[in-house]
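Below is one structure; the comments refer to it alone.
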Amino acid sequence: MIEVEALTKRYANVTAVDRISFCIEKGEVVGFLGPNGAGKTTTMKILSCFMPATSGTAHINGHDVVREPLQVRRCIGYLPENVPIPPEMRVHEYLGFRARLKGLDRARRKARIPEVMGRCGVETVSRKLIGALSKGYRQRVGLADALLGDPPILILDEPTVGLDPNQIRLVRDLVRELGQERTILLSTHILPEVELVCSRVMIISRGRIRNTDTLESLRKGGGIGVTIEGASLPEITSTLAGIPGISAVHPRGAGNGGASLHLTLSSDPSEARRAVFRTVVGHGWTMTELSNESRRLEDIYLDIVSEDVVETTDPVPVTAGEA
Amino acid sequence: MSNIVTLIRRELAGSFLSPLAYVTIFLFLLFNGYVFGEWLHLLQLLGGGSGVEVSTLLGSYLGSPVLILLLGLLAPVLTFRSLAGEKSSGTLEMLLTAPVTDSQLVVAKFLGAFLFYAVITLSTSVYVLYVVAIGGLPDWGVIASAYTGVLLLGAMLIAINLFFSSITTNMVVALIVSIFVNLALLLVPGFLGSRTQDPFLVELADYLDLFRHFQRDFGAGIVDTRHLVYYGTTMALGLFLTLRAVELRKWR
């Protein structure tokens, strides 16, 4: 459905997108997650054929975004950031105009416009000027527009930014509903949104894709939580960090029940659990708690993103910027 | 093709559903009507109070510097928002991610502004009706050549001004640059011609002098192909540069 291969976009002296490759299958709802300026918007502008990449290729439904831009545009519905739609038009006029541009004939327009307005809940404002609408309604008019041509693929750039909590819920519900029959690529920097709406997440930072996996397996690759009595927190931390199979130790604090830590596992979890248990017993400590802990998306995200911020001695100086 | 029609409809709806079109038409006709009245008065004085040749009258008005100068100021008003406005509000992205090519957009923007211009300028044809109503016999050839000139001049200026609208996101900048470039196109050749004796420059100035085109040719029933070449090529250059400027987003 969407195939991206070594896509790079360089502005004058800034590399916004750096050799990213990914593939999105039919029916997936993929969250494109990253901090501001990571390259999400740039990637989406390339996929929607608004501008070409510096190098690399992207195919949508088998069509190359550079060679066959019109075919690509016909099979995607694109909602740009901030939904730039003309304030001087009425909602039904605007949708009529867009439907004509997308090549819908009169009969299909007559059927399709009320349908998408109903779907996105904008029938009640159909005669209002777009400029007089609240941000939530404008967002939904933008979504209605994206749906007009009944495209199999939707590309939504930060669809919930700037909305109030109720509007956010409405838009998310709509996206989730749409995701049952369409392929959706949705960018956001709001973590819960990905967990609520998406089946897979791609984390992008400074122009590169750092991690891509389904939410389930991201969470599974988690770790264990332990509470241990008998020594000080730093001592336990340094001891546990020496166990093979444990990639990171996050001390969480010491309380009545002992020192509490989260261990990130790199290898076979059951073997690592045994190793931890043996170590604790070997030191004469008492383990009062051991539990499987799935990692939260937030932790994964922050690990990746903060890693990038710390990496100041990057051999290839790459600065990310949003267009 | 249907895309161009759709885009032009949107352009015209945008103009005629907002006060812009009506304010522009109203003021244009009001001012023109006043100047036309004064022009009649002047010619009557010169003609000794009666028996003015109606053909001379209309032809000379349609070719008058006042009208041409006014058209030079009208074109920027019709184009300054065209592309600069779409760019600054971000709606250009919506247009160019729909199945629309860059050249369709440029052609539609041009034709949208040109049709608006045609509506405004052709509304001055009420003067012709007025002349007929007071018993004059207009020279239809002169009227036809004068309107041909007015429309061609408009097409040229709109194409050039569209280019200035395409290279900036600031509409005020597009407006001001367009106005001054148009004034330069109108005024500089005349001044140049009067300052030099060099036969080549004199001829060049004559070739480029828009006022003189109207006084000597369009306003006298002559459609000179040299003028058509000048207006036509300049228009084509303007549209070509506009298209390049719209495509420029791809090469940043």
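What to note about this one:
- In region A:91-122, the residues that are more than 9 Å from chain B (Cβ to nearest Cβ) and more than 30 Å from the chain's Cα centre (by Cα): A:His92, A:Gly96, A:Leu104, A:Asp105, A:Arg106, A:Ala107, A:Arg108, A:Arg109, A:Lys110, A:Ala111, A:Pro114
- Qualifying residue in region A:157-166 (condition: of a type outside the set (A, V, I, L, M), at pLDDT below 85, surrounded by fewer than 18 Cβ atoms within 10 Å (Cβ to Cβ) and within 17 Å of A:Leu297 (Cβ to Cβ)): no
- Criterion applied to B:Asp198, B:Asp209 was being surrounded by 18 or more Cβ atoms within 10 Å (Cβ to Cβ) and over 23 Å from B:Lys87 (Cα atoms), and the one residue passing it is B:Asp209.
- Index of the failed condition, B:Gly221 passing every other in (1) surrounded by 15 or more Cβ atoms within 10 Å (Cβ to Cβ); (2) at pLDDT 90 or above; (3) among the small types (Gly, Ala, Ser): (2)
- Within region A:234-243, none of the residues are modelled with pLDDT under 80 and over 17 Å from A:Asp299 (Cα atoms).
- Any chance A:Ser48 is surrounded by fewer than 17 Cβ atoms within 10 Å (Cβ to Cβ) and at pLDDT below 95: no
- Some residue of region A:32-44 being touching a Leu at 6+ places or on another chain (Cβ under 9 Å), in the same structural domain as A:Ala132 (by TED's automatic domain parsing) and surrounded by fewer than 21 Cβ atoms within 10 Å (Cβ to Cβ): no
- Conditions (1) within 14 Å of chain A (Cβ to nearest Cβ); (2) within 19 Å of B:Ile68 (Cβ to Cβ): number failed by B:Trp251: (2)
- Among the residues examined, B:Leu137 does not qualify as more than 14 Å from chain A (Cβ to nearest Cβ) and closer than 26 Å to B:Tyr230 by Cβ.
- Qualifying residue in region A:258-271 (condition: assigned to a loop (DSSP other than H, G, I, E, B), without any contact (Cβ under 8 Å) to a residue 60 or more places away in the chain and crowded, with 16+ Cβ neighbours inside 10 Å): no
- Pairs, first closer than 20 Å to B:Thr101 by Cα and within 11 Å of chain B (Cβ to nearest Cβ) in region A:48-67, second part of a loop (DSSP other than H, G, I, E, B) and of a type in the set (A, V, I, L, M), C-beta under 6 Å, six or more apart: A:Cys49/A:Val65; A:Phe50/B:Leu96; A:Pro52/A:Val66
- If you check B:Thr168, B:Thr233 for being away from every other protein chain (no Cβ under 14 Å), outside any helix (DSSP H, G or I) and out of contact with any His (no Cβ under 6 Å at 6 or more places or on another chain), only one passes: B:Thr168.
- Residue, farthest from B:Ser125 (Cα to Cα), within region B:14-45, restricted to residues that are more than 17 Å from the chain's Cα centre (by Cα) and surrounded by 17 or more Cβ atoms within 10 Å (Cβ to Cβ): B:Gly14
The values are calculated or read from the model by the stated rules, or taken from the named source; none is laboratory data. All figures in this text were calculated on a predicted structure; none of them were measured in a lab. Counting neighbours? That spans all protein chains shown, and the Cβs are built from the backbone with ideal geometry, glycine included.
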